[in-house]
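Following: one structure in structure tokens, then a few remarks.
The values are calculated or read from the model by the stated rules, or taken from the named source; none is laboratory data. Here the structure is a predicted model, which means the values were calculated and not measured. Cβ: placed from backbone, ideal geometry, glycine included. Neighbour counts: every protein chain shown. When the accessible area is computed, the model is the full protein with side chains, heavy atoms only, and any ligands, DNA or RNA have been set aside. Shrake-Rupley method; radii C 1.70, N 1.55, O 1.52, S 1.80 Å.
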Amino acid sequence: MASWETLIAFATVTILVAYFPGPALLYTAAQTISHGRKAGLMAMLGIHLGCYLHVFAAAFGLSAVFKHVPELYMVVKLAGAAYLVWIGIGMIRSRLGASDQPVAPPKTVKRALLDSFVVEVLNPKVALFFIALLPQFVDPAGSLPVWGQFLILGIIVNFAFSSADLVTVFGASFVVGAMKKTKAGLGFGRWIGGSLMIGLGLKLAADRG
């Protein structure tokens, strides 16, 4: 592995990037606001699991394809953006019945896990982030093979991101606690969550980077 000085620099960069407000934090906040804490936690887990695909891709060089095939990058990016918008519209259109409760039903919680996994997998910027960041802290002359160093560093980054998502979920659940006590408040929360999701999708689609 790299020297201790390099690893400390890596830890500093990872924490700064993980806790800087970005799409993943807004996404978990939107799921929490719309469907409750359990859905937010499942969204966090889905993002965490989906991120491992990008970690493995970076470790074995597969994500480098995005750099050489911009058409593929654009297709994946637009697919992810469309999926986010579709989720957001679904949140806004969901109707509240007389028996609706502030806590999301099991079906919604499971769907949050699946949706989050798909969104993370369809985000090519995550793949590019890993292949841009991790090589800076890999020692080709180290005792571990390069791919092994990639995996270790990638897993560390993923857990750091998940810790930030966890803080976001609990923070959002406290903020909307009072809102969830009434049907009107619950509906407003879904509008907020859905609007955040649609906004993220449109931003991803419009971003040329």
Item checked: Subset of the stretch 40-62 [within 16 Å of Pro124 (Cβ to Cβ) and part of a helix (DSSP H, G or I)] -> Ile47, Gly50, Cys51, Tyr52, Leu53, His54, Val55, Phe56, Ala57, Ala58, Leu62
Check: Just checking, which of Gly36, Gly40 is closer than 14 Å to Asp115 by Cα and open to solvent by less than 20 Å² (accessible area, probe 1.4 Å)?
Finding: Gly40
Notebook entry, point to check: If you scan the stretch 6-22, which residues turn out to be in a helix (DSSP H, G or I), surrounded by fewer than 20 Cβ atoms within 10 Å (Cβ to Cβ) and not hydroxyl-bearing (Ser, Thr, Tyr)?
Noted result: Leu7, Ile8, Ala9, Ala11, Val13, Ile15, Leu16, Val17
